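Structure record follows, encoded as structure tokens.
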């Protein structure tokens with residue numbers, strides 16, 4: 001029993017504040033925030049609520065009456081942690097923690113904790129630590145020593161208490177300098193790996209999309225890999241890459257599964273995960289996976305498009321849109337979605353779970369990557385049997401003759417296949 005992790009009882013609040021910006025449905029935003037909380041195994045979500053605010057109070061976010069009403073509720077429910085789905089200033093955080101006698105995390109703090117718990121590669125760990133330290137530097141009273149552990153886990157909640165502000169800042173700055181040095185080494189190594197892979201230039205197909213859209217499930221179905229694919233926000237944080245051959249005689253590709261995007265992701269987190277999303281920037285084809293069964297699928301799609309734009313993804317990169325989770329639709333909605341998808345050349349309605357629609361999708365990926373073919377004559381010496389076998393294996397040889405120099409092959413291939421052959 002002594003080894004079991006302590007469970008932290010949490011309450012999730014979504015402040016509904018009127019704004020000029022596009023407003024999400026408060027209840028759906030709250031549901032997403034609860035899903036975020038469920039992504040931390042140490043948390044038990046004891047309750048949740050939308051709190052409507054005409055004007056946020058600059059010092060405490062909530063007014064006096066609401067503050068007291070919530071305090072009594074938290075006391076009655078034996079709550080340890082309050083999660084506020086939105087930005088909370090350092091002053092507001094300090095005042096709310098004092099008023100309620102509880103720990104508090106805002107949306108950014110919670111996402112950082114999840115990232116800290118999920119990051120699997122050395123680069124991912126370093127990126128998370130840097131983002132968390134930069135965030136904490138603005139939280140003058142936050143404890144930071146939990147970040148010395150590689151895999152986080154609610155360090156903000158169970159930290160060693162308050163520290164002197166100046167000592168805290170100095171320590172954070174020293175830590176950031178050290179992390180930047182380590183990260184530079186890691187990125188250099190990764191650049192070398194990328195250069196080595198470029199010598200055999202398999203096309204990269206990157207799966208992108210809103211978190212929990214089903215990218216990892218699709219990745220697993222296409223590759224047979226065992227990537228964590230749970231019905232949980234941010235299940236994948238580090239890019240996972242696999243080389244596969246597309247069915248039906250399609251080309252060999254590198255399929256990349258990436259971290260899910262999310263609305264209102266703070267800019268420092270987008271920057272921190274730019275390296276994680278580098279495979280997207282280098283992709284030959286981007287597959288945007290959408291959860292078509294989600295009531296806010298359109299809004300999620302716009303959020304993904306905005307983040308892609310901020311990352312500098314070129315408009316010239318071909319894109320395919322995948323409407324996933326059609327197995328969750330009722331028959332009428334399914335028929336409507338399939339009709340809408342059929343109107344577009346680059347939209348495919350599928351189910352990663354049942355496999356419905358995958359054949360048409362993989363055919364489209366093959367067609368997009370193969371591009372136009374060209375005829376060419378190539379002479380190989382008799383000693384180049386391996387190269388000849390590769391060309392036959394790929395079905396690129398249309399005719400063959402022999403002369404004194406060796407094999408004379410008539411080929412029909414794409415520029416990508418030619419580049420692959422030259423990289424052998």
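Read-outs: derived from the displayed coordinates by stated rules, not from any lab. This one's a predicted model, so the numbers in the text were calculated from it and none came from an experiment. Neighbour counts are summed over all protein chains in view; Cβ atoms, including those assigned to glycine, are modelled from backbone coordinates with ideal geometry.
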### Message
I'd like the distance between the alpha-carbon centres of the stretch 289-356 and the stretch 30-95, rounded to an integer number of Å.
### Response
33
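If packing is taken as the mean number of other Cβ atoms within 10 Å per residue, what is the order of 96-107, 61-72, 400-411, highest first? Before the final figure, lay out the partial values.
Numbers: 96-107: 18.5, 61-72: 15.1, 400-411: 13.2.
Ranking the peptides 96-107, 61-72, 400-411 by packing returns 96-107, 61-72, 400-411.
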### Query
In terms of the Cα gyration tensor, with a ≥ b ≥ c the square roots of its eigenvalues, is the stretch 8-110 rounded because a/c is under 1.5, prolate because a/b exceeds b/c, or oblate?
oblate
### Task
Using packing as a proxy for protection, rank 80-86, 203-209 so that the peptide with the highest average count of other Cβ atoms within 10 Å comes first.
203-209, 80-86
